[in-house]
Structure formats: C-alpha cells, structure tokens
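Visitor: Encoded as structure tokens, here's the structure I'll be asking about.
Values in this text are rule-based calculations from the coordinates and carry no lab data. Computed from a predicted model, the values in this text were never measured in an experiment. Every residue, glycine among them, receives a Cβ derived from its backbone with ideal geometry; neighbour counts consider all protein chains shown.
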Amino acid sequence: MKTKMILASSNSHKLREFREILEPLGCEVVSQKEAGIDVDPDETGSTFEENSAIKARAVYEIAKCAVISDDSGLEVDALGGEPGVYSARYGGTRDDRRHNELVLEKLSGVPDEKRTARFIAAITYIDEKGEEFCFVGKFEGRIGYCERGKNGFGYDPIFMVGDISSAEMTPDEKNAVSHRGKALRLLAEHIMKNIPEENDA
Ligand code: IMP
C-alpha cells in the first residue's frame with residue numbers, strides 16, 4: 001500500500017519537486033487542494049523552520065494523516081539576511097519580477113564578493129501518528145546584475161551559481177544542488193528508514 005502524504009501548499013513548483021523525489025519511494029503526494037483542505041494559516045514565525053511547522057500543523061489538525069510542508073526563501077548577506085522569511089511577500093508584493101527588481105536595486109554598487117546569498121528550505125514532516133520532524137537544506141550562490149533564464153520561479157533568475165543563474169538550470173540540475181532538493185533527500189532518507197514495511201504490505 002502506498003503511503004499517502006498531503007503537501008501543505010498549493011504551489012505547483014513545490015508539488016512537482018516533492019513528487020519527483022518521493023513517488024519513487026512509494027509515497028503518493030497530494031496537494032492540499034486535491035485533499036480538499038482549505039486552510040491558510042498566518043506565517044507568524046521568525047524562522048523558516050517555525051513557518052514550515054505552522055503550515056504542516058494546520059493541515060495535520062484537519063487531515064490527521066501524514067503531512068509535509070516547505071517554507072523557503074532567499075537570504076542576501078549584504079541586506080542583513082533580507083528578504084528571508086518575507087521572500088514571498090518582499091516589498092509588500094507577491095510579484096516575483098518586482099521582488100527581483102527590488103533586490104537588484106538594493107544591491108546597486110555592491111561588488112561581486114559582497115553579493116553572496118543562499119536559498120534555504122525547511123521541510124516539516126508530520127507522520128500519521130503526529131510525530132514531527134524538520135529537515136533543512138541550503139543552496140549557496142550570489143546575486144547577479146540582471147535577470148537570466150526562463151526556468152524555475154521566484155528569485156531563480158537573479159541567483160547565480162558560478163556562471164549561470166538557477167533559472168538557467170534544468171529541473172534535474174537544480175534538484176541535485178538546491179536547498180529543497182537537499183532537504184527533500186534528508187526527508188526521503190528518514191522515510192526510507194521508518195516506513196519500508198508499510199510500503200511492502
Ligand atoms: P513560501 O511558499 O512561503 O515558502 O515562499 C517561498 C518564497 O521564497 C517563494 O515565493 C520564492 O519567492 C522564494 N523561493 C523559495 N525557493 C525558491 C527557489 O527554489 N527559487 C526561487 N525562489 C525561491
């Protein structure tokens with residue numbers, strides 16, 4: 001029998017990345033919307049870990065089955081860690097193009113070596129018994145000088161890894177090195193250790 005998990009998110013990019021890694025392990029990942037759960041708690045935490053837990057707990061309280069959630073964002077060193085937990089609503093907007101313009105504007109005149117940044121993903125997994133685990137992944141890079149590439153989403157077009165932006169990577173290339181890919185592989189390891197018997201049944 002497949003282990004069913006609800007992803008506490010309606011972000012289609014996240015759903016695809018979770019499915020790519022967890023379905024080969026025998027897990028069925030359904031979105032919150034597909035599960036018919038309409039809850040959108042305020043992300044009042046001051047860390048990615050706290051916000052990830054808030055989202056997972058809200059869905060677990062209703063569904064009482066295994067739930068996963070991801071809270072992620074970009075930290076730019078020259079901006080004191082901004083946009084951080086406000087990545088999705090930076091500058092009071094949810095417009096990705098505006099977010100990127102804002103970061104580029106704020107970094108105007110900042111030299112290459114001070115443009116270091118990282119994506120962080122905190123994944124919370126609540127198993128069917130209600131036990132909670134958190135897995136964190138980081139993806140180091142630096143902020144470029146203009147938008148580049150058409151893949152990915154969010155801040156990918158301005159996030160440089162060597163000579164290319166993460167929006168110029170294929171999904172597989174990005175998964176192999178990204179914050180979410182790393183956190184997801186930690187989650188996958190945990191799942192493989194803890195529920196193989198259920199999947200064999
Ligand atoms: P969340 O849905 O509250 O976790 O918001 C995460 C936000 O961080 C997204 O809306 C993006 O702006 C940004 N973000 C997180 N992961 C990535 C990524 O892999 N690429 C680009 N932007 C990302």
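Visitor: Student exercise: in the range 3-200, how many lysine pairs 8 or more apart or on different chains have Cα atoms under 18 Å apart?
Guide: Qualifying lysine pairs in the range 3-200: 24.
Visitor: First measure r as the distance between the Cβ atoms of LYS33 and GLU105, then evaluate 1/(1 + (r/R0)^6) with R0 = 35 Å and state the FRET efficiency to the nearest 0.05. If you can, show how the numbers build up before the last one.
Guide: Numbers: r = 35 Å, r/R0 = 0.99.
Efficiency, from the Cβ-Cβ distance: 0.50.
Visitor: For the chain, find the longest principal axis of its Cα atoms and tell me its angle to the long axis of helix 12-22, 0 to 90°, nearest 10.
Guide: 50
Visitor: So how tilted is helix 96-106 from the main axis of the chain? Cα-based, degrees 0 to 90, rounded to 10.
Guide: With both axes taken from Cα atoms, the answer is about 40 degrees.
Visitor: Run through the range 94-166 and list the chymotrypsin sites (Phe, Trp or Tyr not before Pro) located in a DSSP loop whose Cβ has at most 16 other Cβ atoms within 10 Å.
Guide: On the way: sites: PHE119, TYR125, PHE133, PHE135, PHE139, TYR145, PHE153, TYR155, PHE159; in loops: TYR145, PHE153, TYR155.
Listed in order of number, the matching sites are TYR145, PHE153.
Visitor: Specify the angular offset, from 0 to 90 degrees and rounded to the nearest 10, of the alpha carbon long axis of helix 179-194 from the longest principal axis of the alpha carbons in the chain.
Guide: The helix 179-194 is inclined about 20 degrees to the chain.
Visitor: Taking each pair of different alpha-carbon atoms in the range 103-201 once, compute 1/r for the pair, average those values, and report the inverse of that mean as the Kirkwood hydrodynamic radius in Å to one decimal. Walk me through the intermediate numbers first.
Guide: Values: mean 1/r = 0.0655 Å⁻¹.
Radius from the Kirkwood sum: 15.3 Å.
Visitor: Still on this model: Taking 1 over the mean of 1/r across every pair of different Cα atoms in the range 18-166, what Kirkwood radius in Å do you get?
Guide: So the Kirkwood estimate lands at 16.7 Å.
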